[in-house]
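*Asks:* One structure, as structure tokens, below. Some questions next.
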Amino acid sequence: MQKIHEEPTPRIGGLAILIGLVVGFFFAPPEVAVVLGPILLASLPAFLAGVIEDVFKRGRVTERLLATFASGVLAWWLTGDSLTRIGIGGVDWLLAITPVSVLFTAFAVGGVANAINIIDGLNGLASGIVLLCMSTLGLIAFLAGDAEMAKICFILGGATFGFLLINYPYGKIFMGDGGAYLLGFLLGWVAVMVAMRNPSVSPWAPLLACGYPIIEVLFSMARRRARALKLGHPDRLHLHSLIWARVTRKWLAGRSPIVQNAAVLPIMLLYALIPAAMSIVFRKSATMLIISFFVCVFIYALIYARLVHFRWTMPSLELRKVSG
């Protein structure tokens, strides 16, 4: 995770989000609270691992990921939900085996949590993207007739929006690793539950709803592997970092760094809306959702290549540095 800021800022936004979620839980209808409560309880290992990093600056990315995996296993134990189908015959056969299903689900949810942590680098970016993804999942659940999950998405989105109002555009408070892993876990687990509770919805729809952060983490892993770096090695070669370095800082050269920073969110939302919209339109068709995912990957690659090479071409992963 790379942040671009000039002044020390409190990193306790994750605690504020958690408090907002607890308040939402107590005011939720009983049929919603009975589902939301176990999810919030299961999120605590991921949240606490992030808070330890925020407060003590100790802990590795792998340790926080393991804590997130633990949250995933705990969520399965409390809710009984896990990924048992993804629409691929051989894989679905393996997912019918409970230990395989639980480990696969925990790994997938941990990946989403790490993806949100990766994009948490500019004012409002992570929370704005989570709000979009959560709204998309809520709409998919609503269209499938799952009122409880739609309301849970509304509660989670409401707490995220409350933080966004304070954080954006001036960055008065950061969510920190605690907030990033908390929201990332919740987003990943809600995606699992929307897919598993609604047979009419393809499991690829929730994945595509979270398309931008997932594509970002996949590209980050490929880039670091190509540069012989550890997968957890931080850099400023994420798409949002390049948008900041090569678009908003130059287009808004006469404006303050805060304005340049905040201008990245609307640009990234324009891209994130593409997979989100496709996930709603094609929510019942696994084939169209898979095609849409690769289309979004291709669009990401074209934009990335344009920013790195200053021309429209497919990107090379042999990257060394990016000049401002």
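The values are calculated or read from the model by the stated rules, or taken from the named source; none is laboratory data. This structure is a prediction, so every number in the text was calculated from the model and none was measured. Note: ideal-geometry Cβ built from the backbone for every residue, glycine included; neighbour counts use all protein chains shown. Ligands, DNA and RNA are excluded from the accessible area calculation, which covers all protein heavy atoms including side chains. Shrake-Rupley method; radii C 1.70, N 1.55, O 1.52, S 1.80 Å.
*Asks:* I need a count of the residues in the stretch 122-140 that are in a helix (DSSP H, G or I) and at pLDDT below 95.
*Replies:* Residues that pass the stated criteria total 0.
*Asks:* Has the stretch 47-58 got any residue that is open to solvent by less than 10 Å² (accessible area, probe 1.4 Å), in contact (Cβ under 8 Å) with a residue 12 or more places away in the chain and closer than 30 Å to residue 16 by Cβ? Walk me through it before giving the result.
*Replies:* Filtering the stretch 47-58 down to residues open to solvent by less than 10 Å² (accessible area, probe 1.4 Å) leaves 50.
Adding the requirement that they be in contact (Cβ under 8 Å) with a residue 12 or more places away in the chain leaves 50.
Still in the running and closer than 30 Å to residue 16 by Cβ: 50.
Yes, the conditions are met somewhere in the stretch 47-58.
*Asks:* Hey, another quick one. Going through the stretch 157-171 one residue at a time, which ones are in contact with a Gly (Cβ under 8 Å, 6 or more places away or on another chain), closer than 19 Å to residue 43 by Cα and not small (Gly, Ala, Ser)?
*Replies:* Matches in the stretch 157-171: 163 only.
*Asks:* Here's something else I'd like to know. Checking residue 198 against (1) surrounded by 24 or more Cβ atoms within 10 Å (Cβ to Cβ); (2) modelled with pLDDT of 95 or more, which single condition isn't satisfied?
*Replies:* For residue 198, the failing item is (1).
*Asks:* Out of (1) modelled with pLDDT under 90; (2) open to solvent by 50 Å² or more (accessible area, probe 1.4 Å); (3) farther than 28 Å from residue 135 by Cβ, the odd one out for residue 224 is which?
*Replies:* (2)
*Asks:* Kindly check whether there is at least one residue in the stretch 107-121 that is aliphatic (A, V, I, L, M), more than 10 Å from the chain's Cα centre (by Cα), farther than 22 Å from residue 284 by Cα and at pLDDT below 95.
*Replies:* Step one: list which residues in the stretch 107-121 are aliphatic (A, V, I, L, M), which gives 108-109, 112-113, 115-116, 118-119.
Cutting the leftovers down to more than 10 Å from the chain's Cα centre (by Cα) gives us 108.
This time we only want the ones that are farther than 22 Å from residue 284 by Cα, so: none.
Scanning the stretch 107-121, I find no residue that is aliphatic (A, V, I, L, M), more than 10 Å from the chain's Cα centre (by Cα), farther than 22 Å from residue 284 by Cα and at pLDDT below 95, so the answer is no.
*Asks:* Would the stretch 141-154 turn up any residue that is within 16 Å of the chain's Cα centre (by Cα), surrounded by 19 or more Cβ atoms within 10 Å (Cβ to Cβ) and at pLDDT 95 or above?
*Replies:* Kept after step one, since they are within 16 Å of the chain's Cα centre (by Cα), are these residues of the stretch 141-154: 153.
Still in the running and surrounded by 19 or more Cβ atoms within 10 Å (Cβ to Cβ): 153.
Going one step further and asking which of them are at pLDDT 95 or above, we end up with 153.
Yes, some residue in the stretch 141-154 is within 16 Å of the chain's Cα centre (by Cα), surrounded by 19 or more Cβ atoms within 10 Å (Cβ to Cβ) and at pLDDT 95 or above.
*Asks:* Tell me which residues, restricted to the stretch 82-116, are of a type outside the set (A, V, I, L, M), in a helix (DSSP H, G or I) and open to solvent by 10 Å² or more (accessible area, probe 1.4 Å).
*Replies:* The answer is 89, 90, 92, 93, 98, 99, 104, 107, 111, 114.
*Asks:* Just checking, how many residues over the stretch 20-36 are free of Cβ contacts under 8 Å to residues at least 24 places away in the same chain and under 17 Å from residue 147 (Cβ atoms)?
*Replies:* 4
*Asks:* Next question. If you take the residues in the stretch 201-220 that are under 15 Å from the mean Cα position of the chain (by Cα) and open to solvent by 20 Å² or more (accessible area, probe 1.4 Å), which one is farthest from residue 133 (Cα to Cα)?
*Replies:* Across the stretch 201-220, the extreme among qualifying residues is 219.
*Asks:* Sticking with this one: On the basis of being under 17 Å from residue 213 (Cβ atoms) and either hydrophobic (A, V, I, L, M, F, W, C) or open to solvent by 60 Å² or more (accessible area, probe 1.4 Å) (or both), does residue 131 make the cut?
*Replies:* Values: under 17 Å from residue 213 (Cβ atoms): yes; either hydrophobic (A, V, I, L, M, F, W, C) or open to solvent by 60 Å² or more (accessible area, probe 1.4 Å) (or both): yes.
Taking the combined requirement at face value, the residue satisfies it.
*Asks:* Another question, if that's okay. Could you list, in sequence order, all residues of the stretch 250-282 that are assigned to a helix (DSSP H, G or I) and over 20 Å from the mean Cα position of the chain (by Cα)?
*Replies:* Residues of the stretch 250-282 assigned to a helix (DSSP H, G or I): 250-251, 257-262, 264-281.
Of everything in the stretch 250-282, those that are assigned to a helix (DSSP H, G or I) and over 20 Å from the mean Cα position of the chain (by Cα) turn out to be 250, 251, 257, 258, 259, 260, 281.
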